[in-house]
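Remarks on the structure that follows.
We did not get these values from a lab; they are worked out from the coordinates using the rules stated. Fair warning: this is a prediction, and the values are worked out from it, not measured in the lab. In this analysis, Cβ positions are derived from the backbone assuming ideal geometry, glycine residues included, and neighbour counts consider all displayed protein chains.
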Ligand SMILES: [Zn+2]
């Protein structure tokens, strides 16, 4: 006999971060008791999103098209490139600062013990990008964690190899914090007063 649908639904909700058994049960009952329309919409959009959203071939951010709208825009300053760990960090910077340059999304941070090396972060693509000669400053906005700092130093070396100036948002960001959770004012200030990496 197959697993009852209700159990499958609860199990399916548990793929979401921070959702344990109890919360998953509550979600499943909510959808069935009072949220069937919302449930249908969720199922449809979720199905379409996982099929159609890929990665921008230039910046590696999520995108429905080969080039994301930011990379395709002619009004962004192509001399500035900002490296971030995640799409959420990219969004935080975009919303908190007046940054008008372009981005490169690492989709992670260097973590040799977890098998995450330069290749996994697409650093060969970043190297090619820097070699094109258009980028003048690489703003390294990895998180102020141990792994984020190690990644920042690696990126700074890569930038210098290509004659690009590496910079880092000013200190003042909470140590060990994730950029996406830093308040807008702090992030905007740190980003605006970035200094060249030593
Ligand atoms: Zn892009």
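Working from label points 7 Å from Cα in the Cα-to-Cβ sense, the residue 43 to residue 26 distance is 2.4 nm.
For the chain, the longest principal axis of the C-alpha atoms and the axis of helix 87-96 are separated by about 70°. If R0 is taken as 22 Å, the Cβ-Cβ distance between residue 62 and residue 19 corresponds to a FRET efficiency of 0.55.
Ratio of Rg to Rh for the chain: 1.06 [Cα atoms; Kirkwood radius as inverse mean 1/r over pairs].
Subtracting the Cα-Cα distance of residue 73 and residue 136 from 0.36 nm times their residue separation leaves 20.8 nm of extension gain.
For the stretch 5-52, the calculated P(r), taken from all Cα-Cα distances in 5 Å bins from zero up to the bin holding the longest distance, is 5, 22, 26, 28, 16, 3, 0 percent. Each of residue 150 and residue 94 was given a label point 7 Å from its Cα along the Cα-to-Cβ line. The distance between the two points is 3.0 nm. Of 45, 105, 84, the residue with the greatest mean-square motion in the GNM of the chain, using alpha carbon springs below 10 Å, is 45. Note on 123, 155: ascending count of other Cβ atoms within 10 Å places them as 123, 155, the fewest first. FRET efficiency for the residue 120 to residue 33 pair, using the beta carbon distance and R₀ = 35 Å, is estimated at 0.25.
At full extension, residue 55 and residue 2 could sit 15.5 nm farther apart than now, given 0.36 nm per residue minus the alpha carbon distance. Between the alpha-carbon centres of the stretch 37-65 and the stretch 97-125 there is a gap of 21 Å.
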